1. Springs between alpha-carbon pairs under 10 angstrom, Gaussian network model over the chain: which of Gly66, Gly117, Gly32 fluctuates most?
2. Just the C-alpha atoms of segment 72-141: what Rg/Rh do they give, with Rh taken as the Kirkwood radius?
3. Give a residue-ordered list of calculated ³J(HN,Hα) values for segment 17-30 (Karplus: 6.51 cos²θ - 1.76 cosθ + 1.60, θ = phi - 60°; whole Hz; x for Gly, Pro).
4. Given the Cα-Cα distance of Glu54 and Phe112 and 0.36 nm per residue of separation, how much length would full extension add, in nm?
5. Taking the Cα centre of the chain as origin, sum charge times position over the Cβ atoms of Lys and Arg (+1) and Asp and Glu (-1), and report the length of that vector in debye to the nearest 20.
6. According to a simple spin-label model (label point 7 Å from Cα along Cα-to-Cβ), what is the distance in nm between Arg11 and Asp27?
7. Would you mind giving the average projected area, over all directions, of the Cα convex hull of the chain in nm² with one decimal?
8. In the chain, what is the count of Lys pairs whose alpha carbons are under 25 Å apart, counting only pairs at least 8 residues apart or on separate chains?
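All of the numbers you see were taken from the coordinates with simple rules; none came from a lab. Computed from a predicted model, the values in this text were never measured in an experiment. In this analysis, Cβ positions are derived from the backbone assuming ideal geometry, glycine residues included, and neighbour counts consider all displayed protein chains.
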Amino acid sequence: MRPPAAPSVSRVQDFCQSAWIHKQIRDAETRGEFERLPGAGKPLPADVDATYDELWWVKRKMAREGLSVLPPTLALRKEAEDALLAAYAAPSEQAVRKIIGEINDKIRDMMFKPPPGPPLGKKPYDVEDVVRQWRERRADR
């Protein structure tokens, strides 16, 4: 019959480290360091149950800062919609033509050099049509 094997060095080290950690926790509890922690008595955030995401901190920071990252085509769609609204609110026909000309240049660039992501789904605006609509809107005021 063989005598029981002696524990390995790594198992002894793990046990000692574990005992040291537990001692540190007990000492902190007796000093009251776990009392009045921020969030004590409150439910955990909803995203705690979500699957692990390596970029969780980036997403949380962006949400806190009010930032969003869209694929280039979607960002240009939004920019084109905003430009059209800005053109309708422009003070002069020259400003309308400038706003629409700039966004049309960006749309054309994206049409001929498409980036990865969803398709743009936009074509350049007809400047004369936008100017006509701008005139009609100004006449309605």
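1. Gly32
2. Here the Rg-to-Rh quotient is 1.03.
3. 5, 5, 5, 5, 4, 4, 5, 4, 5, 4, 4, 5, 4, 5
4. In short, 17.4 nm is gained.
5. Roughly 100 debye, rounded to the nearest 20.
6. Output for this residue pair reads 2.8 nm.
7. 20.6
8. Step by step, the pairs that qualify in the chain add up to 17.
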